[in-house]
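The values are calculated or read from the model by the stated rules, or taken from the named source; none is laboratory data. None of these values were measured; they are calculated from a predicted model. Heads up, the Cβs are rebuilt from the backbone with ideal geometry, glycines too, and the neighbour counts pull from every protein chain shown.
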Amino acid sequence: MKPKPHPLLRVARLLTVLALLASPIAAMPSEGDATGLKTVDQDVQTLKKQLIDLNRDLFKLEEELLYPASTQVAVFLSMNVGTFFALDSVTLKVDDKEVANYLYTEREVQALHRGGVQKLYLGNLKAGSHEIVAFFTGKGPHDRDYRRGTTLKVDKTVGAKYVELRITDREASLQPEFVVRQWE
Amino acid sequence: MAAAIAVAAGAPAFAAPPALDSVAPDFALKAVDGRNVRLSEYRGEPVVLHFWASWCGPCRESVAALDALGLSSGTAVLGVSLDGADRSAAIADSMHLRTPTLVDAQQSVARAYDVAKLPLTLLLDAEGHVRASWSGAPADLSALTPQLERLRQD
């Protein structure tokens with residue numbers, strides 16, 4: 001398999017192609033030259049696809065540089081049903097330091113209800129023991145103000161650590177439940 | 001905070017709201033009616049963003065005029081009050097404001113926008129770029145309205 005060129009090299013190539021396309025010669029084929037127009041259109045479509053790919057690669061590269069696997073910790077939030085809890089906000093603390101405070105709009109809550117998973121926090125932690133605390137606020141059963149905290153002790157090892165905060169319904173007690181799961 | 005955000009001439013010279021054509025910083029705030037509002041959810045339509053506080057004299061006139069503009073034109077007008085939640089709600093109620101009044105009691109959004117003079121009004125296009133701004137005085141509606149109309153037609 002052909003090795004993928006470095007993202008920065010691809011940026012340079014794309015900029016060259018963009019400059020050529022922006023020039024009047026490349027952008028304006030001779031009159032009645034439908035084939036030329038078609039080619040330009042194809043080039044633009046190819047370029048768009050390359051830009052999307054490049055953007056994805058750059059994003060991945062940035063994440064790898066800023067958050068190497070050896071120190072990376074990511075916290076995700078998801079919701080299963082959630083009929084007993086209307087989410088308003090989540091505050092996240094790592095080792096007693098607030099790292100995220102997110103206010104949810106109605107649209108965002110709906111997205112979570114539909115199965116969306118939100119990356120709430122991405123950061124770096126040294127190997128060792130750490131404490132992650134999440135505070136959920138919203139409306140609980142009977143439309144009462146509801147605030148609940150959940151704590152998780154994590155043992156950060158050399159690999160990336162993924163933590164999932166999941167809001168579920170506990171049918172037996174008709175109460176929301178806040179579950180924390182770890183993924184290696 | 002009243003010292004940090006001054007009305008008109010008393011403002012520090014180094015602070016400035018987002019420059020024209022720059023993308024307005026995204027934020028989420030609670031409105032006085034309890035809803036959470038995120039600016040980026042208004043992408044796709046022009047937005048008038050308006051920072052005000054109860055202690056700022058010219059703000060009241062501006063708030064009332066922009067609220068009326070929002071109602072008559074169907075434009076998204078977001079008022080960001082730098083007062084506490086109760087005071088913001090009381091003022092919104094007494095002025096019968098119909099457009100969202102968002103509460104920035106911690107002034108975190110005001111800091112992100114470098115609000116140095118009140119009122120501050122920003123006209124944002126459908127992509128969230130700042131197209132016009134009025135700082136330290138009520139927005140000039142005779143200039144804002146045609147610009148808004150152009151943005152709505154784009």
*Elements of type strands (runs of 3 or more DSSP E) contained in the stretch B:69-154, each with 3 or more residues being within 21 Å of B:V37 (Cα to Cα)*: B:76-81, B:101-103, B:120-124
*Which of the residues that make up the stretch A:68-80 are among the hydrophobic types (A, V, I, L, M, F, W, C) and crowded, with 16+ Cβ neighbours inside 10 Å?*
A:V73, A:A74, A:V75, A:F76, A:L77, A:M79
*Say whether the condition of being free of Cβ contacts under 8 Å to residues at least 40 places away in the same chain, in contact with a Pro (Cβ under 8 Å, 6 or more places away or on another chain) and farther than 25 Å from A:S70 by Cα is met by at least one residue in the stretch A:112-122.*
no
_Given the criteria among the polar types (S, T, N, Q), loosely packed, with under 14 Cβ neighbours inside 10 Å, touching a residue at least 12 places away in the same chain (Cβ under 8 Å) and within 30 Å of A:S173 (Cα to Cα), does A:T83 qualify?_
yes
*Restricting attention to the stretch A:70-79, does a residue exist that is within 12 Å of chain B (Cβ to nearest Cβ) and either in a strand (DSSP E or B) or basic (K, R) (or both)?*
no
_Suppose we filter A:G128, A:G140, A:G149, A:G159 for residues that are on the phi > 0 side of the Ramachandran plot and of a type outside the set (S, T, Y); which single one remains?_
A:G128
_Let me confirm something: among A:D96, A:D41, A:D33, which residue is surrounded by fewer than 13 Cβ atoms within 10 Å (Cβ to Cβ) and modelled with pLDDT under 85?_
A:D33
*What pairs come up if the first residue lies in the stretch B:121-138 and is of a type in the set (F, W, Y), the second is in a strand (DSSP E or B), and their beta carbons are under 9 Å apart, counting only those six or more places apart or on different chains?*
B:W134/B:L120; B:W134/B:T121; B:W134/B:L122; B:W134/B:L123
*Could you list, in sequence order, the residues of the stretch B:56-107 that are within 20 Å of B:A28 (Cα to Cα) and in contact (Cβ under 8 Å) with a residue 60 or more places away in the chain?*
B:T75, B:L82, B:A92, B:P100, B:T101, B:L102, B:V103, B:D104, B:Q107
*Subset tally (residues that are surrounded by fewer than 12 Cβ atoms within 10 Å (Cβ to Cβ) and within 16 Å of the chain's Cα centre (by Cα)) for the stretch A:99-132*: 2
*Look through A:V99, A:V81, A:V133 and report the one residue that is hydrophobic (A, V, I, L, M, F, W, C) and at positive phi.*
A:V81
*asked:* Give me the residue from the stretch A:91-107 that is assigned to a loop (DSSP other than H, G, I, E, B) and within 14 Å of chain B (Cβ to nearest Cβ) and, out of that set, farthest from A:G159 (Cα to Cα).
replied: A:T105
*Does the stretch B:29-40 contain any residue that is crowded, with 16+ Cβ neighbours inside 10 Å, assigned to a helix (DSSP H, G or I) and modelled with pLDDT of 95 or more?*
yes
_Yes or no: the stretch B:52-65 includes at least one residue that is within 14 Å of chain A (Cβ to nearest Cβ), within 21 Å of B:L148 (Cα to Cα), modelled with pLDDT of 95 or more and crowded, with 16+ Cβ neighbours inside 10 Å._
no
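Quick grid of which residues meet (1) touching an Asp or Glu at 6+ places or on another chain (Cβ under 9 Å); (2) within 14 Å of chain B (Cβ to nearest Cβ); (3) assigned to a helix (DSSP H, G or I):
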{"position": "A:D41", "(1), (2), (3)": "no, no, yes"}
{"position": "A:T83", "(1), (2), (3)": "yes, no, no"}
{"position": "A:S89", "(1), (2), (3)": "no, yes, no"}
{"position": "A:A111", "(1), (2), (3)": "no, yes, yes"}
*Report whether or not A:R144 is under 18 Å from A:F178 (Cα atoms), away from every other protein chain (no Cβ under 13 Å) and without any contact (Cβ under 8 Å) to a residue 12 or more places away in the chain.*
yes
_Please count how many residues of the stretch B:41-51 are surrounded by fewer than 17 Cβ atoms within 10 Å (Cβ to Cβ) and either away from every other protein chain (no Cβ under 14 Å) or among the β-branched types (V, I, T) (or both)._
1
*State yes or no: is B:V115 within 21 Å of B:P17 (Cα to Cα) and at pLDDT 95 or above?*
no
*Counting only residues that are of a type in the set (A, V, I, L, M, F, W, C), within 14 Å of another protein chain (Cβ to nearest Cβ) and within 26 Å of B:R150 (Cα to Cα), how many does the stretch B:24-40 have?*
3
